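Report on the following structure.
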Amino acid sequence: GADVWLRTETEVRKTRSGEEGAFLFENTPVGACEVVALKEGLAIGGFSAFLVNDEDVRIVLEEARELSLRVINHNLLPVPGARIKFMLVHDAFRVSADILLDHGFPRLRADDNGIIAVPFMPKNAFVQLLVAHYRYADTSVAYLPVGGKRQDIILQSGVRLGGRVMLDKTPIADAHVAVLVAGAGGRRICSETISDPEGFYAVYLPDGEYYLVARHPEYASPEPKSVV
């Protein structure tokens, strides 16, 4: 009875596990994939990999604990409506919450006090988050401990970076657009999104210099594009 989502580079599918906990996704394309499993009262579980062959996956749903955070701006005022865009749990599996939302995944948004409570996290886990709001820059939060004290996440003012993914004059939907920033350890992803049915995409970022990378499994990826 667990809800199970599969996200590949081209689609999202959902199923439910049977009495023995088994689930099956057939005709899964080769490439990056995420599997996420969730059942009320238990912690979320998952599996992320680059799939090249048939794969048997064992997902363990542990005892659940709450992860709580408060989203505020630079004036220390709450930011209602801020959302968790994606999560990386235990450095083991990724949850693309934004993308799974249209397929029944729980909505992870801040209330009027700026508080986001995620009740289904594994106990003793560390979680990396990307927090987003249409008026502020996407903010990466590294390794929040589950079950610890509520932490404040400060969103900074941002500028809109948008564009369109095209093949000649044809828009490309469901292209993965990653925004990279240069740092001491090389380029790292600071935000990412998926192009809409008309090929458009948009993210909010602090002022700065970035590199854009677009990819789609049916097309060759262009060289990273520098934007300021």
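The values are calculated or read from the model by the stated rules, or taken from the named source; none is laboratory data. The structure presented is a predicted model; accordingly, all values stated were derived computationally and were not measured. Glycine gets a Cβ as well: all are built from the backbone with ideal geometry, and neighbour counts include every protein chain shown. Areas reflect the complete protein model, heavy atoms only, side chains present, ligands, DNA and RNA absent. Shrake-Rupley method; radii C 1.70, N 1.55, O 1.52, S 1.80 Å.
Near the amide H of Ala125, under 5 Å away, which other amide H atoms are found, from residues 5 or more places off or on another chain, if H is placed in the peptide plane?
Val146
Classify the chain: rounded, prolate or oblate, from the alpha-carbon gyration tensor (a ≥ b ≥ c, eigenvalue square roots; a/c under 1.5 rounded; otherwise prolate if a/b is larger than b/c)?
Working: a/c = 1.87, a/b = 1.07, b/c = 1.74.
Verdict is oblate for the chain.
Using the heavy atoms of the protein chains and a 1.4 angstrom probe, tell me the accessible area per residue for segment 127-228 in square angstrom.
On the way: 5920 Å² over 102 residues.
Per residue, segment 127-228 has an accessible area of 58 Å².
Hey, which lysines would be in cross-link range of Lys225, C-alpha to C-alpha under 30 Å, not counting anything within fewer than 8 residues on its own chain?
Output for Lys225: Lys85, Lys169.
In whole Hz, with x marking every Gly and Pro, tabulate ³J(HN,Hα) for segment 53-66 from phi via Karplus 6.51 cos²θ - 1.76 cosθ + 1.60, θ = phi - 60°.
9, 4, 9, 9, 10, 10, 10, 9, 9, 8, 5, 8, 9, 8
What are the ³J(HN,Hα) values, in whole Hz, obtained from phi via the Karplus relation 6.51 cos²θ - 1.76 cosθ + 1.60 with θ = phi - 60°, for each residue of segment 149-165 in sequence order, with x given for Gly and Pro?
Going residue by residue, I get 5, 4, 10, 8, 10, 9, 8, 9, 4, x, 10, 7, 10, x, x, 8, 9 Hz, with x marking Gly and Pro.
Largest first, please: the extent of the C-alpha atoms of segment 9-139 along each principal axis, to the nearest Å.
So the three principal-axis extents are 51, 31, 24 Å.
With springs only between Cα atoms under 10 Å, which of Arg16, Arg150, Arg187 fluctuates most in a Gaussian network model of the chain?
Comparing Arg16, Arg150, Arg187 in a Gaussian network model of the chain, the most mobile one is Arg187.
Give a residue-ordered list of calculated ³J(HN,Hα) values for segment 107-119 (Karplus: 6.51 cos²θ - 1.76 cosθ + 1.60, θ = phi - 60°; whole Hz; x for Gly, Pro).
7, 10, 10, 6, 7, 4, 9, x, 8, 10, 10, 10, x
Taking only DSSP H segments of four or more residues, each worth -39500 (n - 2.57), what value at 222 nm results for the chain once the sum is divided by all its residues, to the nearest 500 deg cm²/dmol?
Helix contribution divided over all residues of the chain: 0 deg cm²/dmol.
So, with a 1.4 angstrom probe, what is the percent of accessible area on the chain that is carbon and sulfur? Don't jump to the answer; show the numbers that get you there.
Values: 6160 of 12720 Å².
Reported share for carbon and sulfur atoms: 48 percent.
Stretch Tyr219-Asn124 to full length: gain in nm at 0.36 nm per residue minus the Cα-Cα span?
Numbers: separation 95, 0.36 × 95 = 34.20 nm, distance 4.07 nm.
That works out to 30.1 nm of additional length.
Where does each of 95-107, 130-142 land if you order them by average Cβ count within 10 Å, highest first?
Ranked by mean Cβ neighbours within 10 Å, highest first: 130-142, 95-107.
Taking only Cα atoms and a 10 Å spring cutoff, compute GNM fluctuations for the chain and point out the largest among Gly45, Gly163, Gly81.
Gly163
How about Lys149: which lysines have a C-alpha closer than 20 Å to its C-alpha, ignoring those fewer than 8 places off in the same chain?
Lys123
Using a 10 Å Cβ count of at most 15 others and DSSP loop calls, identify the longest part of the chain lacking such GluC sites (Glu not before Pro).
Details: sites that count: Glu11, Glu19, Glu20, Glu26, Glu40, Glu55, Glu62, Glu198, Glu209, Glu218.
Excluding the exposed sites themselves, the longest stretch runs over 63-197.
If the elastic network links every pair of Cα atoms under 10 Å, which of Val60, Val89, Val146 fluctuates the most in the Gaussian network model of the chain?
Ranking Val60, Val89, Val146 by mean-square fluctuation puts Val60 first.
Search the structure for amide H atoms under 5 Å from the amide H of Ile153, placed 1.01 Å from N in the peptide plane, and list their residues when 5 or more places away or on another chain.
Arg70, Val71, Ile72
What are the residues whose amide H is under 5 Å from the amide H of Phe105, where those residues sit 5 or more places off or on another chain and H is modelled from the backbone?
Long-range HN contacts for Phe105: none found.
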